[in-house]
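Here is the structure we will look at, set down as structure tokens.
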Amino acid sequence: MEVTLTQNFRDSQAQWGDGGRKRVFSGVQPTGAPHLGNYLGAFRNWVAQQEEYEAFYCIVDLHAMTMPWDPATLARDSLEMAASLVALGVDPERSVLFRQAHVAQHSELAWVLMCVARMGELRRMIQFKEKSKGDAESVGVGLFTYPVLQAADVLLYRAHGVPVGEDQRQHIELMRDLAIRFNSTLGEVFVVPEA
């Protein structure tokens, strides 16, 4: 008996969560020591959200690879970020805290979503334009497809909400578009998240 991709995904989702609370997902790159801005802008909210939501928090080490990186430094910084988050109050007993590269499904779903995404959508991403500084031919493809991996991060966990700043709202709109496009083709697989 053949099992479809969507049925496999639905089955794996059934084992997570209590089903009674809405789910949030957020991630942080391990690219330096957390600072006051991180705490005020994100981390204190992560701690508070553990009470109301089923919270998934991720060290997004794959995203950190879109810029120059060193494997040993990235591994060390990922562990330090996890320790910092726990010290700030992210409780592994009340939320899921993990390293993105340790869950292969992030990359796998990103590939599927890249096949659904459109070049024009990705070319319009403001962060890509800013980070490539108008010289798109000289930057890695990972920077271009970053929003698709970000969409995979959130959609994989069927998150209802994504706590983001204004700089990420465009990525949430892309995420929503990809989820709707996928769902319209293969059935209701993904939750269409809100910012």
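Within the range 171-190, the residues that satisfy the criterion of being among the aliphatic types (A, V, I, L, M) and in contact (Cβ under 8 Å) with a residue 40 or more places away in the chain are L174, L178, L186, V189. For E121, the stated conditions do not hold, so it cannot be described as open to solvent by 60 Å² or more (accessible area, probe 1.4 Å), under 20 Å from L143 (Cα atoms) and in a helix (DSSP H, G or I). Taking residues in the range 87-115 that are free of Cβ contacts under 8 Å to residues at least 60 places away in the same chain, and partners anywhere that are open to solvent by less than 40 Å² (accessible area, probe 1.4 Å) and acidic (D, E), the pairs with Cβ atoms closer than 9 Å and at least 6 places apart or on different chains are S95/E54; V96/E54; R99/D61; A101/D61; H102/D61; H106/D153; L109/D153; A110/D153.
Apart from one condition, K129 fits all of (1) modelled with pLDDT of 95 or more; (2) open to solvent by 30 Å² or more (accessible area, probe 1.4 Å); (3) in a helix (DSSP H, G or I); (4) in contact with a Lys or Arg (Cβ under 9 Å, 6 or more places away or on another chain); the exception is (1).
Yes/no per residue for (1) of a type in the set (K, R); (2) open to solvent by 40 Å² or more (accessible area, probe 1.4 Å); (3) out of contact with any Asp or Glu (no Cβ under 7 Å at 6 or more places or on another chain); (4) within 24 Å of L40 (Cα to Cα):
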| residue | (1), (2), (3), (4) |
| --- | --- |
| T145 | no, no, yes, no |
| L149 | no, no, yes, no |
| E166 | no, yes, yes, yes |
| I172 | no, no, yes, yes |
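Among all residues of the range 101-110, there is at least one that is open to solvent by 60 Å² or more (accessible area, probe 1.4 Å), more than 20 Å from A55 (Cβ to Cβ), of a type in the set (S, T, N, Q) and within 19 Å of the chain's Cα centre (by Cα). Residues that are crowded, with 19+ Cβ neighbours inside 10 Å, more than 16 Å from S107 (Cβ to Cβ) and among the hydrophobic types (A, V, I, L, M, F, W, C) within the range 58-86 comprise M81, A82, L85, listed in sequence order. So in the range 27-47, with the set limited to residues that are closer than 19 Å to V96 by Cβ, of a type outside the set (V, I, T) and in contact with a Gly (Cβ under 9 Å, 6 or more places away or on another chain), which one is surrounded by the fewest Cβ atoms within 10 Å (Cβ to Cβ)? Across the range 27-47, the extreme among qualifying residues is R44. Looking across the range 29-81 at every residue that is among the acidic types (D, E), out of contact with any Leu (no Cβ under 9 Å at 6 or more places or on another chain) and assigned to a helix (DSSP H, G or I), the one that is nearest to K131 (Cα to Cα) is identified as D77.
Let's see how each residue does on (1) modelled with pLDDT under 90; (2) among the polar types (S, T, N, Q); (3) farther than 20 Å from N183 by Cα:
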{"site": "G27", "(1), (2), (3)": "no, no, yes"}
{"site": "G32", "(1), (2), (3)": "yes, no, yes"}
{"site": "G37", "(1), (2), (3)": "yes, no, yes"}
{"site": "N45", "(1), (2), (3)": "no, yes, yes"}
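F144: within 18 Å of G27 (Cβ to Cβ) and among the aromatic types (F, W, Y), yes or no? In short, no.
The values are calculated or read from the model by the stated rules, or taken from the named source; none is laboratory data. Everything quoted here is computed from the prediction, not taken from an experiment. Note: ideal-geometry Cβ built from the backbone for every residue, glycine included; neighbour counts use all protein chains shown. Heavy atoms of the whole protein, side chains included, go into the accessibility calculation; ligands, DNA and RNA do not. Shrake-Rupley method; radii C 1.70, N 1.55, O 1.52, S 1.80 Å.
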